[in-house]
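S.K.: Questions regarding the structure given below will be posed in turn.
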Amino acid sequence: MSEKKRPLLEELKKGPWPSFVKEMEKSAHNSKTAELLDLLERSYEDKTGHWKHGGIVGVTGYGGGVIGRYTDLPEEFPEVREFHTMRVNQPSGWYYTSDALRTLCDIWEKHGSGLTNMHGATGDAILLGTTTEHLQPCFNDLSEAGFDLGGSGSNMRTPSCCAGPARCQNACIDTLDLCHNLTNTFQDYLHRPSFPYKFKIKISGCANDCVASIARADLSIIGTWRDAIRIDQEAVKEYAAQGYDIQGLVVDKCPSQACTYNAETQEFTVDNPNCVRCMHCINKMPKALRIGKETGATILIGGKATIVQSAFLSWVIVPFMKLEKEDDYAELKDLIERIWEWWDENGKVRERVGELIYRKGMREFLKAVGLPPVPQMVKHPRANPYFFWWPDEIISSASGDAEAEAAAGAEVEK
Amino acid sequence: MCSVPVKKPKTDIGPPYYYDMLPEIIKENYGKWKYHEKIKPGVLKHVSENGAELYTVRAGSPRLLSIVTIREYADLADKYSGGHLRFTSRHNVEFLLSDPANIEPLIAELEAKGYPVGGTGDCLNNIIHTQGWIHCHSAATDASGPVKAVMDDLFEYFKKDDLPAKLKISMACCLNMCGAVHCSDIAFVGIHRTVPTIDDAGVAKGCEIPNVIASCPTGAIRPNPKAKSVMVNEEKCMYCGNCYTVCPSMKIMDPVNDGVAIFVGGKVSNARSGPAFSRLAIPWVPNTPPRWDELVVAIRNLVEIWVKDARKGERYGEWIERIGWEKFFEMANLPFTDKHIDDFIFSVPTFRTTTNFKY
């Protein structure tokens, strides 16, 4: 196909950054991909997209993992009349061997457009563009090669995690193992949508949160520690010898004023009970400072993007939880199931768990899932006097009138 | 060609086992990494407790990748990193090398093929973004096109790690915001500015009316029993497009009025301060394909004022926190409008309640 036919897209082949148009052209021997280029040129002319809502398509036994996609101009662009997406569950931390990638490419060459996203925002390897009749055979080939589909729709979405202990000294938990374990344990919730809406789990090994878990996961798992930051004073001296501004760039920027540096003795200290473990000093002097040894995770809930009730950042619900491979992460899994049960019973259609907590109140949520309120959950206590009491918190009346008491209790409940 | 499957596929096998993907050097030093160093933009060195050294070479990608490119990555991995590589959450590819002699030849080959190496430390990282007109039904703008135009313009910053701090720019093509776009140093997002056009017959035939009504964050949608459809209160609608997501007959695309809003000062990490939302800087720039010139100029300006004025170590939001929003608008030479003052459900705590401010 002549390039002159797409003058607008041609402009996006220029410049130093890798061009997505060139990527599409690399696979344009595939007639679907060639026509996708034409459809995109048309969108650039019209300044609007040309895709319709998904229809119900999928593979046998699954309710998710495939996104139906159809163009609204099927007469003009028959090759992309159907152009569905398959979400392939990535290995933890997006580590691949070259052979695993080639296998994926071979399957997608056989069944689809040859276009992918490496990766989608949730974490899946996205295979972009195939027809309904290819879905099942493509899945069969994927499954045969050891790949499974990820989530879509109202289900547990594909969990994802950071690079973890495979390539990071800051990993307080084994994010890769935990991600793999949770994905496998909750396969049924991943593949068969049965929730009020989507539920995202993201796992970061430390507070740097490289997978943006607090910003965008319904359940955020963030590695942390409870004991002291490990300090190598010899390495501190090396930073000083190199002229590194330890006072200005590290100590002065500590949010809890927990670091001190003695320029004379070149000694660095941390007031550990007053450290909030934000990672700043460790990030700035990785050779000298290390995370503590008693590690676990902070669990947060409710993060989501804007629609419907505004964007939320996840809220702390468990300040510290040990996450042990040895007990198969039983405490965490148990908590997740209690959360799902409450959300499932109380959530409206398309209501994220954070929105449900906002609607019903955190106290309802905490009671339902059996978590004790602790100061680490809030920035500050409430400033208004509008709070509820549970019936058993009210002193019985002197008359001993059981009915009146119950009525008072019910009133408080409302 | 495809054929009817003869045998039942295995389901629920789970993802490939990550451990099988790891190079020997990682298996030997799993959980034993001691520290890392930034060798140069795009190259990291991780050192383990027993002295082993792992080198990472990071290259940017446009996220939309042909299998032709992925096979090239695989070949490069075979040649230089024992067949081992990974991807990052921001669409970079990372080669995991145990032999430092392979670093420069790998970089040379990557650059020669047009895959730029950079994006680590105090660099501009790759723009995380969404699907846009390539594949999404609800996109208010394209994603890959504007991202390409912005990255072309800011390319030098992907290759240099002497910015005041790291710079993360994110892009979403509608308010559904796939990705952590709302917590970025600079975020741009496709928006609509006009109310949906209702196809009554389509709503009656194809949509669950209670769901359509419930989808509206401002309660702007009412039943229209006569038409077995719905009505939109134009004064209440703020064009989020959520009704369109649940009902295709509430068409909200408007090629003339759709465009891009730009937010600044958000972050994801907990370092120093907690994660924070990005805040509105520019309510609208028009959609101007193919290269979104107004958007590119606006973002360049937002980056330059930070690079010029921020102190070492200050992320975008920390810089604004120090100078104050009033100074930010002055420095950015941007008009402050009624659009910048929140009037959605959590607006009140965003109003200034002190006499402490600057002129």
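S.K.: Go over the candidates A:327, A:232, A:271, A:245 one by one and state the one that is in contact (Cβ under 8 Å) with a residue 24 or more places away in the chain and open to solvent by 10 Å² or more (accessible area, probe 1.4 Å).
M.R.: When all the criteria are applied, what remains is A:232.
S.K.: Looking at residue A:60, is it polar (S, T, N, Q), in a helix (DSSP H, G or I), touching a residue at least 24 places away in the same chain (Cβ under 8 Å) and within 11 Å of another protein chain (Cβ to nearest Cβ)?
M.R.: no
S.K.: So, of the residues in segment B:323-344 that are open to solvent by 80 Å² or more (accessible area, probe 1.4 Å) and in a loop (DSSP other than H, G, I, E, B), which turns out to be farthest from residue A:309 (Cα to Cα)?
M.R.: So, considering only residues that are open to solvent by 80 Å² or more (accessible area, probe 1.4 Å) and in a loop (DSSP other than H, G, I, E, B), the one farthest from residue A:309 (Cα to Cα) is B:333.
S.K.: Within segment A:210-223, track down each residue that is surrounded by 24 or more Cβ atoms within 10 Å (Cβ to Cβ), within 13 Å of another protein chain (Cβ to nearest Cβ) and touching a residue at least 24 places away in the same chain (Cβ under 8 Å).
M.R.: Residues satisfying the conditions are A:211, A:213, A:214, A:215, A:216, A:217, A:220, A:222, A:223.
S.K.: Evaluate the following for residue A:157: is it touching a Ser or Thr at 6+ places or on another chain (Cβ under 7 Å), of a type outside the set (A, V, I, L, M) and farther than 26 Å from residue A:20 by Cα?
M.R.: So residue A:157 fits the description; yes.
S.K.: Of everything in segment A:48-64, what is among the small types (Gly, Ala, Ser) and in contact with a Cys (Cβ under 9 Å, 6 or more places away or on another chain)? Give them in sequence order.
M.R.: Filtering segment A:48-64 for residues among the small types (Gly, Ala, Ser) gives A:49, A:54-55, A:58, A:61, A:63-64.
The one that is among the small types (Gly, Ala, Ser) and in contact with a Cys (Cβ under 9 Å, 6 or more places away or on another chain): A:49.
S.K.: Also, quick follow-up: What pairs can you find where one residue is in segment A:33-47 and without any contact (Cβ under 8 Å) to a residue 24 or more places away in the chain and assigned by the TED database to the domain that holds residue A:71, the other is buried (at least 19 other Cβ atoms within 10 Å of the Cβ) and in a helix (DSSP H, G or I), and their Cβ atoms are less than 7 Å apart, with a gap of 6+ or different chains?
M.R.: So the pair list comes out as A:43/B:133.
S.K.: Check segment B:135-142 and report whether any residue there is more than 7 Å from chain A (Cβ to nearest Cβ) and modelled with pLDDT under 95.
M.R.: Within segment B:135-142 (the criterion being more than 7 Å from chain A (Cβ to nearest Cβ) and modelled with pLDDT under 95), the answer is yes, since at least one residue qualifies.
S.K.: Let me ask something else. Could you go through segment A:34-42 and let me know if any residue there is open to solvent by 50 Å² or more (accessible area, probe 1.4 Å), more than 7 Å from chain B (Cβ to nearest Cβ) and in contact with a Lys or Arg (Cβ under 8 Å, 6 or more places away or on another chain).
M.R.: Here is the first cut: in segment A:34-42, the residues open to solvent by 50 Å² or more (accessible area, probe 1.4 Å) are A:42.
Filter again for more than 7 Å from chain B (Cβ to nearest Cβ), leaving A:42.
Add one more test, that the residue is in contact with a Lys or Arg (Cβ under 8 Å, 6 or more places away or on another chain), and what stays is none.
No, there is no match, as no residue in segment A:34-42 is open to solvent by 50 Å² or more (accessible area, probe 1.4 Å), more than 7 Å from chain B (Cβ to nearest Cβ) and in contact with a Lys or Arg (Cβ under 8 Å, 6 or more places away or on another chain).
S.K.: Tell me which of these residue B:72 doesn't satisfy, since it passes every other one: (1) at pLDDT 95 or above; (2) in contact with a helix residue (DSSP H, G or I) (Cβ under 7 Å, 6 or more places away or on another chain).
M.R.: For residue B:72, the failing item is (2).
S.K.: Let me ask you something else. For segment A:75-89, does any single residue satisfy the condition of being of a type outside the set (Val, Ile, Thr), touching a residue at least 60 places away in the same chain (Cβ under 8 Å) and open to solvent by less than 10 Å² (accessible area, probe 1.4 Å)?
M.R.: Yes, segment A:75-89 contains at least one residue that is of a type outside the set (Val, Ile, Thr), touching a residue at least 60 places away in the same chain (Cβ under 8 Å) and open to solvent by less than 10 Å² (accessible area, probe 1.4 Å).
S.K.: Which residues, taken from segment B:165-181, are open to solvent by 10 Å² or more (accessible area, probe 1.4 Å) and more than 17 Å from residue B:131 (Cβ to Cβ)?
M.R.: Those that are open to solvent by 10 Å² or more (accessible area, probe 1.4 Å) and more than 17 Å from residue B:131 (Cβ to Cβ): B:166, B:168.
S.K.: Do the conditions hold for residue A:304, that is, is it more than 14 Å from chain B (Cβ to nearest Cβ), touching a strand residue (DSSP E or B) at 6+ places or on another chain (Cβ under 6 Å) and basic (Lys, Arg)?
M.R.: no
S.K.: With the checklist (1) farther than 30 Å from residue B:247 by Cα; (2) surrounded by 14 or more Cβ atoms within 10 Å (Cβ to Cβ); (3) not aromatic (Phe, Trp, Tyr) in hand, flag the one item residue A:47 doesn't pass.
M.R.: With (1) farther than 30 Å from residue B:247 by Cα; (2) surrounded by 14 or more Cβ atoms within 10 Å (Cβ to Cβ); (3) not aromatic (Phe, Trp, Tyr) applied to residue A:47, the lone miss is (1).
S.K.: Between a residue in segment B:335-359 that is not assigned by the TED database to the domain that holds residue B:217 and any residue that is at pLDDT below 95, which pairs come within a Cβ distance under 7 Å, given they are 6 or more apart or on different chains?
M.R.: Every condition considered, the pairs that remain are B:344/A:310; B:345/A:309; B:345/A:310; B:346/A:310.
S.K.: To continue, here is another question. Can you confirm whether residue A:168 is within 25 Å of residue A:199 (Cβ to Cβ) and either of a type in the set (D, E, K, R) or part of a loop (DSSP other than H, G, I, E, B) (or both)?
M.R.: No: the conditions fail for residue A:168.
S.K.: Filter segment B:287-310 down to the residues that are open to solvent by 40 Å² or more (accessible area, probe 1.4 Å) and under 23 Å from residue B:192 (Cβ atoms), then identify the one that is nearest to the other protein chains (Cβ to nearest Cβ).
M.R.: Ranking the qualifying residues of segment B:287-310, first place goes to B:291.
S.K.: Ok, one more. If residue B:219 satisfies all but one of (1) open to solvent by 50 Å² or more (accessible area, probe 1.4 Å); (2) assigned to a loop (DSSP other than H, G, I, E, B), what's the number of the condition it fails?
M.R.: Of the numbered conditions (1) open to solvent by 50 Å² or more (accessible area, probe 1.4 Å); (2) assigned to a loop (DSSP other than H, G, I, E, B), the odd one out for residue B:219 is (1).
S.K.: Within segment A:129-158, take every residue that is at the interface with chain B (Cβ under 7 Å from one of its Cβ atoms) and part of a loop (DSSP other than H, G, I, E, B) and give me the one that is farthest from the chain's Cα centre (by Cα).
M.R.: Only one residue fits best here, namely A:146.
S.K.: Is there any pair linking a residue in segment A:292-320 that is touching a residue at least 12 places away in the same chain (Cβ under 8 Å) and open to solvent by 40 Å² or more (accessible area, probe 1.4 Å) to one that is outside any strand (DSSP E or B) and among the hydroxyl-bearing types (Ser, Thr, Tyr), with Cβ under 9 Å and at least six apart or on different chains, and which?
M.R.: Going by the 9 Å Cβ cut-off, the qualifying pairs are A:309/A:358.
S.K.: Condition first: in the same structural domain as residue A:318 (by the TED database), free of Cβ contacts under 8 Å to residues at least 40 places away in the same chain and surrounded by 24 or more Cβ atoms within 10 Å (Cβ to Cβ). Can you find one or more residues in segment A:170-179 that meet it?
M.R.: no
S.K.: Next up: Consider residue B:261 carefully, then state whether it is surrounded by 23 or more Cβ atoms within 10 Å (Cβ to Cβ) and within 19 Å of the chain's Cα centre (by Cα). Full working, then the answer.
M.R.: Values: surrounded by 23 or more Cβ atoms within 10 Å (Cβ to Cβ): no; within 19 Å of the chain's Cα centre (by Cα): yes.
In short, no.
S.K.: Out of the residues in segment A:330-342 meeting the condition of being of a type outside the set (Phe, Trp, Tyr) and open to solvent by 10 Å² or more (accessible area, probe 1.4 Å), tell me which one is farthest from the other protein chains (Cβ to nearest Cβ).
M.R.: Here the residue is A:338.
S.K.: Okay, moving on. With (1) open to solvent by 10 Å² or more (accessible area, probe 1.4 Å); (2) assigned to a loop (DSSP other than H, G, I, E, B) as the list, and residue A:126 as the residue in question, which single condition is left unmet?
M.R.: (2)
S.K.: Give the residues of segment B:124-152 that are in a loop (DSSP other than H, G, I, E, B) and surrounded by fewer than 24 Cβ atoms within 10 Å (Cβ to Cβ), sorted by residue number. Step through it out loud before you land on a result.
M.R.: First, pick out the residues of segment B:124-152 that are in a loop (DSSP other than H, G, I, E, B): B:125-127, B:129-131, B:135-143.
Selection gives B:136, B:137, B:138.
S.K.: Looking at residue A:54 and the list (1) more than 9 Å from chain B (Cβ to nearest Cβ); (2) open to solvent by 20 Å² or more (accessible area, probe 1.4 Å); (3) touching a strand residue (DSSP E or B) at 6+ places or on another chain (Cβ under 7 Å), which single condition is not satisfied?
M.R.: For residue A:54, the exception is condition (1).
S.K.: Can you name every residue in segment A:69-102 that is within 26 Å of residue A:171 (Cβ to Cβ), assigned to a strand (DSSP E or B) and facing chain B (nearest Cβ under 8 Å)?
M.R.: Across segment A:69-102, the qualifying residues are A:95, A:96, A:97.
The values are calculated or read from the model by the stated rules, or taken from the named source; none is laboratory data. None of the values given here were measured: they were computed from a predicted structure. Heads up, the Cβs are rebuilt from the backbone with ideal geometry, glycines too, and the neighbour counts pull from every protein chain shown. Remember, those area values only see protein heavy atoms, side chains included, never the ligands or the DNA or RNA. Shrake-Rupley method; radii C 1.70, N 1.55, O 1.52, S 1.80 Å.
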